[in-house]
Amino acid sequence: MKTFLGVSCSQANILSAQLTLMTAFLGCLSTVSTQAFDGYHTVKVEQGFIKGRLWNITNRQVQVYLGIPYAEPPVGPLRFQKPLKKKPWEGDHIAFEYGPPCIQFMDFHEHDRFSGNNMKRQKEDCLYLNIFSPYEENADTLYPVIVWIHGGSLLAGSSDSGVDTEVALKNIVLKNVTLVTLNYRLGPLGFLSTSLSDAKGNFGIWDQIEALAWLQANIREFNGDPDMVTVMGESAGGSSASLLALSPVTKGLVHRAILMSGSITAGWAMQRFGVPNWNVENLYKYLTCEKKITSEESWAQAEATQDYGCNFMEQALQCDSTVTEKDVYECIKQKADFSNPLMRKAFTYELGLGQVLIDGEIIPYNVNELLSNLSRVPILIGVADVEWAHKKAVFYGFKSYTSITEQIALEKAQMIVQQSFMPYFDNTLPNSTLKMIALVALHHYLVWNDSGPPWDMTKFVQSLQRMESDIEFTAPMLKEIDLYLNNNQSVYLYSFEHVPSNDIVEEEWVNVNLFGLKRKVRTERKLPIKRAFHGLDHAFIFTEGYSSNIFFSYSDADYKVSDAWCRFITNFAKTGNPTPQPVHGVVWPPMELNHNGYLTIDWPLRVTETGARRWMHGDFWNDLIPTLASVVREPDESKYKTLNVDEQLQLAAFRRAWWALWVLVAGIAVFLWIVIVCLVTQKCLDFRSRHYKNIIVADV
């Protein structure tokens, strides 16, 4: 046998395999010190054996299983279809590293501290989950289960995005809760829609449901309780959890829900009316370059990379037959190539967010009816103080500082109404109605709270941030709460308002041309944010001050908020009540139909007995604006093109009063006509009955 330096070839092969295994092992422990490793543990599930690791964290053992396949790979003939149950495997499945993320259609997590390296492995074979659970040898204790569903607009994210494993273990698992995180398909691979009976869409949600079904069958082997499963998500993950808690398909799979900044009632979460942008016919036209990508963002990316092609593809899709929708679907299923990240990003800029749709199964009918009929589990729900407080002025079209005139203010407000509020309507509102809604919104958010015009741009952008936040997050949340309360379900409401005392730093990666070489360079800048924003609450559960591309150093108050927040979450998973015992001296009361108290998550914690002031902006969009939209008529715009904001509002009020006056006059006229008819009729009857006055009609 050949040897090298005294080592045989067979020994070398064994050593190489051991080194490979150790490399993978160390890679997965990037956020947990190697001293935590405490051995291996193997469990048996329906499909076979799974070998995981034991870690010792603060003198307690936890069991960790990464990259467990919960469904058959959705590739080849299984693309754009519901997931299939995972078939049995032979031998031990080694669960030492996270599975590859699903194909990303935005690069939000390309440089994520915890999933950035794994993002390089993204592929379509991605249906994996991870289990973290307390461990005691020979014990049969079952722990409540939290299933974390990542956000990312149904376009990006993975089971390990923004998850510092050691922090997650300390904050959740060591509080005697089993934690599960999972991947699900994204973008068109997860949310392409068709009218075909066997491929309507919502494939990414079906993935989540398949994972829940797998857990129901197997989580007991990991010391998880299948009868105490809480789904928890943030943003698009929150809207997914909202849907999973309601759908008739998930009955018995979900027992509680924690909804962070996400509701299935939100306009961005679900396609209510019309044809989704990510439908099979539309996607086909872009893949074949029958339609051209026109978004400025896409072309800016192309300029930076000099990668144009056919809609940023090397070649257009070629189909043998496109006579029927089935032909087009089969062609895309077999041939569509999503391997180019620039192409995926360009398609997203052009076609927008992923959305779920009413499919007759997961969502059998209108979501409000679904909530009214099927809300059946306790929920813990809330939003950040101003969800879009970190949204820059450039996202509202401001490339430099400018003084805000009435015209600019109206245009920007109308833009938000068009993008964020219109998805709630089944037909296009006339421009005059959109303009009226924008005017009323300006008065609600800006005019009453500031002098002007002109307005300071910084304050104006803050008003736009608040307006957009209320339309997209606060109002949908309140609508969902009302429907839960009407069904006598327990609801715990929070407002996350804690802002770190240390600097919040944003990291960005920008394309630069350095000595003729194009490369990405990391930059940092301090964010002048004074309000809690979208995703900040995540940084107090799964990390110590990191969420997406922002980070900050923890202060003492931050540690206290994190401790309280995680105790609320784990208590709710255990009992359905976030404070069965006071947490830091606070008892969080449930909401009632006539009592909208809530908890402010800040330091110190605060319970507010009435939320009328905090939630009035949500009621503004849920109640006042829909009523206004339903009664405003199409006016002659030429008559008031030169009017200012106040005059336009007065004119609108006059028009409504004018219509109300005519309705009143018409009503009075109808009433008088009825009275006259009755009097005449009675007189005729009285005249006809005179000859019979002497007849007595007796009771029989």
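Coordinate-derived values only; no laboratory data. Please read these numbers as outputs of a predicted model, since none were measured by experiment. Backbone-built Cβ (ideal geometry, glycine too); neighbour counts: all protein chains shown.
If you add up the charges near G585, with Lys and Arg at +1 and Asp and Glu at -1, over every other residue whose beta carbon is less than 14 angstrom from its beta carbon, what do you get?
Working: positive: K560, R567, R606; negative: D563.
Once positives and negatives cancel, what remains is +2.
Tell me the Rg and the Dmax, in Å, that the Cα atoms of segment 394-547 produce.
Expressed in Å, the Cα Rg and Dmax of segment 394-547 come to 19.6, 66.
Determine ³J(HN,Hα), in whole Hz, for all residues of segment 73-84 in sequence, where each value follows from phi through the Karplus function 6.51 cos²θ - 1.76 cosθ + 1.60 and θ = phi - 60°; x replaces Gly and Pro.
For segment 73-84, the Karplus-derived couplings read x, x, 10, x, x, 9, 5, 6, 9, 4, x, 9 Hz, x marking Gly and Pro.
Largest first and in whole Å, give the semi-axes of segment 118-268's equivalent ellipsoid, each being the square root of 5 times a Cα gyration tensor eigenvalue. Present the calculation step by step, with values, prior to reporting the outcome.
Working: eigenvalues 135, 59, 43 Å².
For segment 118-268, the semi-axes come out at 26, 17, 15 Å.
So, by mean Cβ neighbours within 10 angstrom, what's the order for 264-272, 148-156, 455-463, 561-569 with the highest one leading? Provide the component values of the computation, followed by the final result.
On the way: 264-272: 22.9, 148-156: 25.6, 455-463: 18.7, 561-569: 20.9.
My ranking of the peptides, most packed first, is 148-156, 264-272, 561-569, 455-463.
For K526, what is the net charge nearby, where nearby means another residue's Cβ is under 9 Å from its Cβ and Lys, Arg count +1, Asp, Glu -1? Don't jump to the answer; show the numbers that get you there.
Working: positive: R525; negative: D503, E506, E524.
Here the count lands on -2.
How much FRET efficiency would the formula 1/(1 + (r/R0)^6) give for L593 and E369, where r is the Cβ-Cβ distance and R0 is 25 Å, rounded to 0.05? Let's see the in-between values first.
Details: r = 19 Å, r/R0 = 0.77.
Plugging the Cβ-Cβ distance into 1/(1 + (r/R0)^6) gives 0.80.
Taking a 30 Å limit on the Cα-Cα distance, which of the listed pairs K51/K82; K291/K333; K51/K335; K85/K326; K82/K175; K175/K479 fall beyond it?
K51/K335; K82/K175; K175/K479
Starting from the Kirkwood Rh over alpha-carbon pairs, what translational D in µm² s⁻¹ does segment 125-200 have by Stokes-Einstein at 4 °C and 1.567 mPa s? The partial results should precede the final answer.
Details: Rh = 14.5 Å.
D = 89 µm²/s.
Among T194, T294, rank each residue by its count of other Cβ atoms within 10 Å, from fewest to most, as a rough exposure measure. Before the final figure, lay out each step's value.
Values: T194 20, T294 9.
Fewest-to-most Cβ neighbours within 10 Å comes out as T294, T194.
Quick check on packing: order 624-631, 200-207 by the mean number of other C-beta atoms within 10 Å, highest mean leading.
On the way: 624-631: 14.5, 200-207: 24.2.
Output ranking for 624-631, 200-207: 200-207, 624-631.
Work through the residues other than W603 whose Cβ is under 15 Å from its Cβ and net out their charges, Lys, Arg +1 and Asp, Glu -1. Don't skip to the answer; put the middle values down first.
Details: positive: K560, R567, R606; negative: D385, E497, D537, D556, D558, D563, D602.
Overall, the nearby charge balance is -4.
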